[in-house]
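Throughout, read-outs are computed from the coordinates displayed, never taken from laboratory work. Quick caveat: nothing in here was measured; it's all calculated off a predicted structure. With ideal geometry, Cβ positions are generated from the backbone for all residues, glycine too; neighbour counts draw on all protein chains shown.
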Amino acid sequence: MSKFKKKKSGELPAISTAALPDIVFMLLFFFMTATTMKDSDLKIENTLPKADQTAKLHKKEFIMYIYAGKPNERYRATLGGSDRIQLADKMSSPSDIRQFVLTERAQRNSADEKYLTASLKIDKNVKMGLVSDIKLELRKVEQLKVNYTTTQGNPVKE
Amino acid sequence: MARKGRGLPPEVNAGSMADIAFLLLIFFLVTTTIGVDQGINRLLPRFDPNPVVPNINERNILTVLVNKDNQLLVEEKLVDIKELRQVAIDFLENNGKGVCNYCEGKRDASSSDSPLDAVISLNNDGQTSYETYIAVQNELVAAYNYLRDRESKKRYGMSFTELDYIYNDPATRAVEGLREDLEPKVKKIQEMFPMRLSEAEPKKN
């Protein structure tokens, strides 16, 4: 009768998924550009302290990372419960820092060497005794540019 | 030869494209971390087996002691960390001699002569926690930044922190003349408020 009578075909039209790859690719490119690769698996606790007078670190190729903290729960049986240093993937002692810095330097060309910064990622519960050992070793190899890497926030508790 | 001489080539099935893209996406989600690292930049002093003890007048030194219970002692008075920034600013720009024409200090005769002479001496215990150390560092850097930014804004209309970041960025090398242009500005501000923060080796116990 009426022209506008609904068709009683029951079946819903299929949703087109043709644009799905485009959406996923968009997400993919977002994550590829906005994130950086994880470089090492941490075997230690690493909650960085807070600070707000910070500067952003420059490009990753000019940075070497030195981690310190208490070993994680599951490594505590083998590594003990006291503060340890981790360089790349290895648990180390302060005397290994020298070799580590020299290796890092050798991997870069000499023009970039003066931009090379040591990023100290140290857990907030580490005692200063270990931190000064690290600093002393760095001074001995003339790696004087350091960055106390922190998270953003006000360190003074309200 | 072909059966359909002039027909269009068969369409490539792109149905699994989404699956491939998802796979890549998940790979990147798992292997990467978001966010840029930031922190407090510091230049360590060169290693010297027998350091020379400089002759500095007592009033030009602000002694900050941190003990193993993370308490602060500034100039032999117990100070809360919240007050440290203001104490440091007052000390740095005190201008006791009156030779510093850009300072706004109180000109107290028992405090520092000028920002060029002022030294902050930081002393921690071996058992001090790193968190407190960073908090103290942060407050002291904040005091310097406050003074440098004030002076830099007055002169160049740009904060010192910004100026210094661009100057030290390796990417700046690509822009002809930019580094050369910034260098005297950065040097000038650093000269006006030199960061003289001395750290003693923590006592071992």
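Tabulated data
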| quantity | calculated |
| --- | --- |
| Inter-chain shielding of A:44-55 (mean C-beta neighbours from other protein chains, 10 Å cut-off) | 6 |
| Label-point gap, in nm, between A:Arg76 and B:Val79 - each point 7 angstrom along Cα→Cβ | 3.8 |
| At R0 = 45 Å, FRET efficiency that the Cβ-Cβ distance of A:Gln107 and B:Asp108 yields, to 0.05 | 0.30 |
| Per-residue average of Cβ from other chains inside 10 Å of A:143-150 | 6 |
| Sites matching trypsin sites (Lys or Arg not before Pro) across the stretch B:38-72 that sit in DSSP coil, with at most 13 neighbouring C-beta atoms within 10 Å | B:Arg46 |
| Percentage relative contact order, the stretch A:59-152, counting C-alpha pairs under 8 Å, at least six apart | 35 |
| Mean Kyte hydropathy of 0.5 or more with a Cα span along the axis of at least 20 Å, helices from DSSP in chain B | B:17-31 |
| Cut-off under 5 Å, modelled amide H: who pairs with B:Leu72 long-range | B:Val79 |
| Inter-part distance where the stretch A:34-77 and the stretch B:136-165 are each reduced to a Cα centre, Å | 27 |
| Residues whose placed amide H lies under 5 Å from that of B:Ser121, excluding near-sequence neighbours | B:Leu62, B:Thr63, B:Val64, B:Ser198 |
| Nearest-0.05 FRET efficiency for A:Val141 and B:Ser16, computed from C-beta distance (R0 45 Å) | 0.30 |
| Sorted peptide list for B:174-187, B:18-31, criterion being average Cβ within 10 angstrom, highest first | B:18-31, B:174-187 |
| Within a Gaussian network of chain B (alpha carbon springs, distance under 10 Å), most fluctuating of B:Met158, B:Met195, B:Met17 | B:Met17 |
| A:Thr33 paired with B:Ile166, simple spin-label distance in nm, labels 7 Å along Cα-to-beta-carbon | 2.3 |
| Chain B - mean residue ellipticity at 222 nm from DSSP helices (-39,500 (n - 2.57) per run, n ≥ 4, rounded to 500) | -12500 deg cm²/dmol |
| Spin-label proximity, A:Ser16 to the stretch B:6-48 - amide N less than 16 Å from point 7 Å beyond Cα toward beta carbon | B:14-15 |
| Charge sum, other residues only, whose C-beta stays under 15 Å from B:Leu25's C-beta, Lys/Arg counted +1 and Asp/Glu -1 | -2 |
| Fewest-first ranking of A:Thr78, B:Thr32, B:Thr128, A:Thr151, using other Cβ atoms within 10 Å as the exposure measure | A:Thr78, B:Thr32, A:Thr151, B:Thr128 |
| Count, lysine Cα pairs under 16 Å in chain B, 8 or more residues apart or across chains | 9 |
| Per-residue average of Cβ from other chains inside 10 Å of B:164-175 | 2 |
| Square roots of five times the Cα gyration tensor eigenvalues for the stretch A:18-158, Å | 29, 21, 17 |
